[in-house]
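Inspection log for the structure reproduced underneath, given as structure tokens.
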Amino acid sequence: MITIWKKLFSNSPSTQPRKVSGKIEVFVRHCISSSISQHKKRFPHFSRELCHKNLLETIDLEKANLTFFLDTAKGSLEDHFLKQEKRFPIVEVKEGTEAGSFLRLLEHIEQRNLHPDTPIYLLEDDYLHRPNWTEVLLEGLRLADYATLYDHRDKYFFPMYEKLTSRIFVSKSCHWRTTPSTTNTFACTMKTLQKHLPVHRRFSQNRAITADHEKFCLLQKSGATLISPIPGWSTHAEPEFASPCIDWKSMIMSLKENPYVLR
């Protein structure tokens, strides 16, 4: 059960919008194969290529730039569907672990010398998005330090969260709730990422998989805010943990039935 105890409106004089400027820099991490996700239950007809197709169909390229990050430790670009993608940069690394590729991504973003107010979206390759998510994400980043588009089902139905309380915000498109943690798919500004780089590195170094839950719990204790929309504008493609209220299964089926040619 979720206890909602406070509402804050984005147009209230007491709520100052955070500075966000420029296009969202979207960095999508892919790999040739992943042993850590092979056991996960998926939606019928799920594939990472369909998630990629969904991303390209829902992103607003007037508001976002795309960069793909491919871990080729277990193959090459020729072994991956991204070989067909000619429009966007593809950065190749050889790490072989989720945590390792995330650390290389942090290094890459640091080297980009982005403006401090630039919005950044770090995205894994097994997520689905609803249309207009780019605008919704910008709205979220004007309200909080971190935003995720994924409304975690476990926050509603798992006993460990039955006493969870949330603050409620509202933006032009939806309501938002504070949440204690999310996955390693999240958004923030460059300034926030730089401020918390030691924390992001700490929970990925010397690991195969980033300790994302522990990382965001620590960031919350240090005063950082993390919010997610209600209902979600994206989901991790695991039915058991999917964002509630959205028919993601039908979305996957629609993607499968309507061919899309990468170019």
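Laboratory data are not the source of any read-out in this text; all were calculated from the coordinates shown. Keep in mind that what you see is a predicted model, and the values were worked out from it rather than measured. Cβ atoms come from the backbone with ideal geometry, glycine included; neighbour counts cover every protein chain shown.
With a threshold of 19 Å on the Cα-Cα distance, the over-threshold entries among Lys86/Lys256; Lys23/Lys191; Lys63/Lys172; Lys155/Lys215 are Lys86/Lys256.
Given the choices (1) 19.9, 58; (2) 17.7, 54; (3) 29.6, 107, Rg and Dmax of the Cα atoms in Å derived from the coordinates of this structure is entry (2).
Here's the list of lysines a cross-link from Lys40 could span, going by alpha-carbon distance under 18 Å and ignoring same-chain residues fewer than 8 apart: Lys249.
Ordered by the number of other Cβ atoms lying within 10 Å of each residue's own Cβ, fewest first, Asp151, Asp117, Asp212 fall into the sequence Asp117, Asp212, Asp151.
Of all beta bridges that DSSP places with both ends in the chain, some 35 percent have antiparallel geometry.
What shape does the stretch 25-102 take by its C-alpha gyration tensor, where a ≥ b ≥ c are the square roots of the eigenvalues and a/c under 1.5 counts as rounded, a/b above b/c as prolate, and the rest as oblate? It is oblate, given that a/c is not under 1.5 and a/b is not larger than b/c.
Annotation: extensible slack from Leu77 through Met253 equals 60.7 nm (criterion: 0.36 nm per residue apart, minus Cα-Cα distance).
The relative contact order of the chain, computed from alpha carbon pairs under 8 Å that lie at least 6 residues apart in sequence, is 29 percent. The alpha carbons of the stretch 126-252 occupy a box of 39, 30, 30 Å along the principal axes, longest dimension given first. Can you tell me how the stretch 130-189 classifies by the Cα gyration tensor, rounded, prolate or oblate, using a/c under 1.5 as the rounded cut? Prolate is the answer for the stretch 130-189, as a/c is 1.5 or above and a/b outweighs b/c. The gain in end-to-end length when the Ser33 to His175 segment is fully stretched comes to 47.5 nm, 0.36 nm per residue minus the alpha carbon separation.
Of Leu149, Leu55, the sequence from fewest to most neighbouring Cβ atoms within 10 angstrom is Leu55, Leu149. For His30, nonlocal amide neighbours, meaning residues 5 or more places apart or on other chains whose placed amide H falls under 5 Å from its own, are Phe69, Leu70, Asp71.
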